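To keep things clear, I will list the structure first and then write my remarks on it.
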Amino acid sequence: MAGNRKDFPQEEVHASMKIVRKESGQTSNGSDRQSAIASKQPEAMRIDIRVEDDPMWERFKSVMGPKYSERSTTAESSERKWPRIPKVPQMLRGTKDFKMQFEPRVISLGPYHHHKPELRPAELLKSEMTKQFILESSQAIEVLYNKIESEIPELRKCYKKSAMKRYSNEDLAWMMLMDGCSLLQYIYCYTTEGKLKDLPPIKHQHVFVQQDLFLLENQLPFRVLEVLLLDSKFEEDEMMEKIEKFISLMARLPDPAGIPDKKKAKPSHLLDLLRRSLLGDKTKSTSVAGKGWTSFRNVNELKAAGIHFMRSTSPSLRDISFNSYLFFGVLRLPKIMVDDSSKSRFLNLVAYEMSSEVPLDSEVTSYICFLESLIDYPEDVKELRRRGILRNFLGSDEEVAKLFNEITTDLVLDFDAYKCVKHQIQRHYDKRMSTWMAEGLHNHFSSPWTLLAFVGALLALFMSAVQTWYTVYPRG
């Protein structure tokens, strides 16, 4: 069976596949029986949960307010086994170069962009990688297909209803099988020494493939990967380590984030796992009362006020701290690498956090806004580079400053984010004596040569005074 299916093009396989599965309540008798049982339930116990695809949803929110949407989304999530995979919020759809930043250019995953003709060539690559994965995992293709097909009701709930209408259950199961197997094989080969050569010839498109894997609208539910790995020759922890290593390589983190604690919620998809790796473990933040940061100052202005920049001890975006000393302060920031894929990844993480269907804190968004507030000019980027905080693989420092400015164009600043750090910076800045002292040192002694010249001038003045003294009051 498995061998015969591989002899046909994908379209023919789709047409010839006639796997029918009876669903509960599909027959009229079952439906009548369920209706009769439901009618006997007390009215107070009936809970109707609507999804946001319902045109009435916006009317409900307009009356009950946004918190009603949050409560209903939470209630809906409790009824759903798998998390939702939203589309990019409308607010970000006017982003410059939207297609380049949010839509796949080489390979599609999931139903949102699967139908696009420009992505058709990648289907051949998927077929080859799927074959490799099935052979290496020692599983039968029909067994894997049946596993995915049994999860179709839950899979449909992960995506927008409007996007699912064009796909039958058979088409959707086949799509998830191909996408999931090829994704796992790509990750396995990329993170295993000597296996990269086994991937189909993608030539110079590796960078674009990796960018496509972290687009919000190009995600597979993580549960699909778990189902495909179940009963395979791969150990679950072994493959999770591969996935974590892949995420760390893509995020340019120094060390893999480690296998997630099984007691914690599992990741929703690869983009969610990337976000978790960037944020690291949650740390307790101290809330400080005060007027907050009254103005945003760039790197060089803070430097002139005696605030120095150092790299944080961990790569977590949460690891931002400030310490104030007598005449200077130290702001610690996590190390970040900026390259051609940074804009797309940051924007998709922002879109993920902005989605009303995903109850997340806007921590990555807050970090981007905080960093952008420090970067106004290329000189600010240069100082962060000099301190080992920012590594620029994009091009000029001016391009980096422009990138952060473009990312934050349509973002709303959360004034409570990093409130403690902002308040400490403001309090240090308000110490006029230390600020004046620091500004004097910065303006007049920023270069070691000016400091040496000053010391030399003092020494010459001292020697001149000694000479004058002995001239007026000679010995004896």
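The values are calculated or read from the model by the stated rules, or taken from the named source; none is laboratory data. What you see is a predicted model; the values in this text were computed from it and never measured. Note that each Cβ is placed from the backbone with ideal geometry, even for glycine, and that neighbours are counted across all protein chains shown. For the accessible areas, the whole protein counts, side chains as well, though only heavy atoms, and no ligand, DNA or RNA atoms are used. Shrake-Rupley method; radii C 1.70, N 1.55, O 1.52, S 1.80 Å.
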Which of Lys160/Lys245; Lys131/Lys245; Lys197/Lys245; Lys157/Lys233; Lys303/Lys422; Lys116/Lys245 exceed 20 Å between C-alpha atoms? The answer is Lys160/Lys245; Lys131/Lys245; Lys157/Lys233; Lys116/Lys245
Counting only the heavy atoms of the protein chains, how much of Ser248 is accessible to a 1.4 Å probe, in Å² to the nearest 10? 10 Å²
Report, in whole Å, the centroid distance computed from the Cα atoms of the stretch 182-231 and the stretch 339-366. 21 Å
Among His113, Leu215, Tyr186, whose Cα sits farthest toward the positive end of the charge dipole of the stretch 108-262 (+1 at Cβ of Lys/Arg, -1 at Cβ of Asp/Glu, about the Cα centre)? His113
With all protein chains modelled, accessible area of Glu399 [1.4 Å, Å²]: 90 Å²
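Taking a 1.4 Å probe, which of Val63, Val227 shows the most accessible area, and what order do the others take after it? Walk me through the numbers on the way to the answer.
Working: Val63 115, Val227 10 Å².
These residues rank, largest area first, as Val63, Val227.
How much length would be gained if the chain were fully extended between Thr192 and Glu128, taking 0.36 nm per residue of separation minus their Cα-Cα distance, in nm to one decimal?
Working: separation 64, 0.36 × 64 = 23.04 nm, distance 1.80 nm.
Result: 21.2 nm gained on full extension.
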Scan around His269 for amide H atoms under 5 Å from its own, H built in the peptide plane at 1.01 Å from N, and keep only partners 5 or more places away or cross-chain. Phe222
Say each of His115 and Phe415 gets a label point 7 Å from the Cα, pointing the same way as Cα to Cβ; how far apart are those two points in nm? 4.5 nm
I need the shape label for the stretch 377-431. Rule: rounded when a/c is under 1.5, else prolate if a/b > b/c, else oblate, with a, b, c from the alpha carbon gyration tensor. oblate
For labels at Thr471 and Gln426 in the simple 7 Å Cα→Cβ model, what's the distance in nm? 5.7 nm
Taking the Cα centre of the stretch 187-234 as origin and charging only Cβ (+1 Lys, Arg; -1 Asp, Glu), how large is the dipole, in debye to the nearest 20? 160 debye
Length gained when the stretch Arg166-Leu459 is fully extended (0.36 nm per residue, less Cα-Cα span): 97.0 nm
